[in-house]
1. Looking at segment B:72-118, which of the residues that are of a type in the set (Lys, Arg) and in a loop (DSSP other than H, G, I, E, B) is modelled with the lowest pLDDT?
2. Please go through (1) part of a helix (DSSP H, G or I); (2) more than 14 Å from chain B (Cβ to nearest Cβ); (3) surrounded by 24 or more Cβ atoms within 10 Å (Cβ to Cβ) for A:Leu315 and return the number of the only condition it doesn't satisfy.
3. Given the residues A:Met367, A:Met378, which is the only one that is under 23 Å from the mean Cα position of the chain (by Cα) and facing chain B (nearest Cβ under 9 Å)?
4. Report every pair of residues separated by at least 6 positions or lying on different chains whose Cβ atoms are under 7 Å apart, first residue within segment B:214-237 and assigned to a helix (DSSP H, G or I), second open to solvent by less than 20 Å² (accessible area, probe 1.4 Å) and β-branched (Val, Ile, Thr).
5. With within 23 Å of B:Gly155 (Cβ to Cβ) and more than 16 Å from the chain's Cα centre (by Cα) as the only criterion, which of B:Arg42, B:Arg16, B:Arg48 stands out?
6. Under 9 Å between Cβ atoms, which residue pairs at least 6 apart in sequence (or on different chains) link something in segment A:378-396 that is in a helix (DSSP H, G or I) with a partner that is open to solvent by 50 Å² or more (accessible area, probe 1.4 Å) and among the acidic types (Asp, Glu)?
7. Do you know which of the residues in segment A:100-136 that are assigned to a strand (DSSP E or B) and of a type in the set (D, E, K, R) is most open to solvent (accessible area, probe 1.4 Å)?
8. May I ask you to verify whether A:Ile185 is within 14 Å of chain B (Cβ to nearest Cβ) and open to solvent by less than 10 Å² (accessible area, probe 1.4 Å)?
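The values are calculated or read from the model by the stated rules, or taken from the named source; none is laboratory data. For clarity, every value in this text was computed on a predicted model and none was experimentally measured. Cβ coordinates were reconstructed from backbone atoms using ideal geometry, including for glycine residues, and neighbour counts include every protein chain displayed. Surface areas here come from the heavy atoms of the whole protein model, side chains and all, with no ligands, DNA or RNA. Shrake-Rupley method; radii C 1.70, N 1.55, O 1.52, S 1.80 Å.
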Amino acid sequence: MTTPDKVESLSLISIDVGSVNTRAHFFDNVEGRYRFLATGAAPSTLGAPVFDLNLGVLEALEQLQEFTGRTFLTDSGLLISRDNGEGAGANAISVTFAGALPLKVMTVGLLDEISLDSANMLVRSSYFRVVDSLGLNDRRPPEAIIDAICNTLPDLVVMAGGTNEGASRSVIRLANYLALALNLIPEKQRPQVLFVGNEKLHDEIDNVLGALTMLHLSPNIRPYLEQESFGPARQALNAIYFDLQSRKMNGLLELRELSEGQIYPAAYALGRVVRFLSTVIDTPKGMLGIDIGGLHTTVASAFAGELQLRVFPELGVGAGLPGMIAETHLPQIMRWLPYDLPEDLVLDYLYNKPLFAGTLPSTPEEMAIEQAAARQVMRLAIENSLSLFPPNAIYPMPGALPWFDRILVSGSAVARAPRMEQSLLMILDAIQPVGIATVILDQNNLVNAVGATAEIDPVMAVHVLESNSFINLGTVISPVGNMRGRGNPLLRVQIVHEGEKEDVVEIREGTIKSIPLPPGRVVDIYVDPLQNVNIGLGRGRGGWVRRVAGGVFGLIIDARGRPIQVPSSLNRRQETLNSWQQELITG
Amino acid sequence: MITPVSHVQSQTTLRRRRLLPVEGLVLVNDGDAVQSTDHVARADLDVRHLILDAARSLGISADQANPLIQRAVGEEVEEGTILAGRRGIGSRQLRAPANGRVVAINGAQILLQTSSESSILQARVPGEIIDIEPGRGVTIEIVCAWVQGIWGNHGLGDGVLQIVGSEPNQHLTADLIDISQRGVILVAGYCDERQVLELAAQVPIRGLVLGSLTTRLFPVAQRQPYPIITLEGFGQVPMNSVAFDLLANHDGDKATLNAQAVNPENGDRPEVIIPVKEANQSRPPETVQPFRVGQTVRVLAGLGKSRVGKITGLLPPSTVYPSGLRAPGALVAFPDQGEGRHPLANLELIV
């Protein structure tokens, strides 16, 4: 990344309202570069007993004030002004939010695999739950469709269909069904409608639906059959999401006023950072970001500036745990536990956690259960994102992840692990990256702040991402392919630093190995596969990998194969899990 | 840090707003006394419609058909009623295929609502109607003793409270269930036997208040015909002593068990309501307050879950717990079991 060395930067506060915690981050100019200085945090107060998110915001700001010794709050409120100088208040503020239950949406399109698919992809980029979808191939009689709209009472209907030179009559026919249904719903409860189809139909759609409900017209998300364009529609969707949520979340409107409109859904902010990284890092590989929250999980990927964003509503490690439990067999959790724990105890913990989502694990065993659950939540999100990644990305083999250059992980469940090797193993076990990737941990939960604040000053995003506020855990090499079996030699790796060759390290299949390489150090490595595996240089092919950056765990060789197999017997499982962790501790 | 709160009140005045999900009809009047199972409002849900095309039925264009529609929006019609067409022998006509109501006319299309399921809104608490929102619902007020739960199976019931055993950790086993408990709400520590829940349904009891329930019984509990609530969640966790003592004081009193689901958006939680005489009535206490020394708190998770004690000191964010986590915490003194260190995140106020 190349950025201006020195800037006339602003001091910034970024507030992030999550389902469990509300955080206030402070960034300021230190020697001409933006630096993250401190975070104040407090429990979120969206729900009972407070029902106003601003109390949590105030508490977080008070803590921030305490940590920094700087006055942010006075009797006249929060000190935000472009005129504020050093020592008091801040010059600007941005806000992200993600703490609420998802909104209900119905999607309408023409063909299932085309416009309806695009409409579904659009709404899944934010905090919506699709309650019904209607397409031309729908076999229900029109009456049943109308009944479905009346009975599900969505908050929003997103309607796509028709390229800009394409279908019109079918789109209008669907709009007429929708109009009939809207007529039957009391005015105050009618869903808003976002039309993202054939732009030539805007007037006609307005005639059919405009008088019935709040209609939003946005550029076509499928202007041509082979082209999707989500940018403007995402912005429209964000605005609607804000509007609908602000009616349910007390305090949101005040935050918008305070931030002069710099308020975004957290997923949007994550997407912005991941997309940005893919534009500034010169690589044919993609960027991956995952934010695991208490209630929702978001996966963002970007290839050459093209963003794919997917929110998994009600899939998380707090109140979102039932979403994971519903799609998981207990052994998928138990396999990650290095303790001999009764299944009932694990189940009880997993069912209790959503009831008391803000609670913390108090014993090592509880910590292990939470970390196992976090692995499974991330795994489900990644598995369900495979269809999201573009077909022109480079895949080592069918069904695998594409090659990613960087993997950025955010969320307290991972970032707050007591030991950093626990964070790294959670990420590797869950995401199971392939090839060569750098793993970055958002240890301070800053990614949403960076994404939101980029609108105020894009340089800030660069400076903070380049700083040590984000922890580079290391560069991971994960060979994939048909392997011979645990214990067989798999790779030889040699580090070359400024022309000096270091010892050759041989890695055996089924192991994970950390080769010390401190943060900031950049080396070349020579990799020699001893089996017919692929690390991104071609099957069975080795060669030089240039400019490999160090990290907390240096160079990590994850030779455990894909998918990772964990022994089923308790003793071997404990031995294997402990050995993986121990290897990272000792290096 | 604002404390989460659970209420265990020996006497308070509760107000409960009951609203329909869609517009409907309020069935009670201001000042009415209601029981928990009384219907206070109803609305049409799960509606069914038929689209009838007059143009197609009459064999003419939509423009020609529209003036021939003989019914207006809002009219109730019976099966066979002429909806469109000219009167007279030999004229083509469109007749209603079922009883229903004309709810929309769009060109030549007539939308007939043929049936719907009524959604009944129950009071879910006994008390007096103190406010009516026309078409939407009511507010009910009651003076009562009140215990909030954390999980409920959605049921609702009234009965006489009966405490099983004398300790909050009473294990509810099948041999403790018998026919004499017909019509009562049982109160016990925890339950881990499927047979107990099924036997209780056969008696039948009117409700079950537990400290906890093992997770494997979750689906069994959900399908029982009587309400079940847990105060501590899942597992083999005893009931917290404050709630147990209050319920034990009302052994033999009539109570309502409202096992509604937790709703984070409106603060709904399952609850036990025990009507009391209107003496010294008070409003619910102040709930928005930070942790302080001297407060009575309950342990929500981890070691000592469900124990109730008093905060004797606050601990800094650098405090390390056996899990390895660092977090602000509190020293909590328990009446008969010493003192423990707990993250603030694992505590809530009992008021």
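1. Checked segment B:72-118; the qualifying residue modelled with the lowest pLDDT is B:Arg87.
2. Of everything listed in (1) part of a helix (DSSP H, G or I); (2) more than 14 Å from chain B (Cβ to nearest Cβ); (3) surrounded by 24 or more Cβ atoms within 10 Å (Cβ to Cβ), A:Leu315 misses just condition (1).
3. On the way: A:Met378 fails: facing chain B (nearest Cβ under 9 Å).
Exactly one residue qualifies, and that residue is A:Met367.
4. Partner pairs satisfying both residue conditions: B:Ala221/B:Ile228.
5. B:Arg42
6. Pairs found: A:Leu380/A:Glu327.
7. A:Arg129
8. Details: within 14 Å of chain B (Cβ to nearest Cβ): yes; open to solvent by less than 10 Å² (accessible area, probe 1.4 Å): yes.
Answer is yes for this residue.
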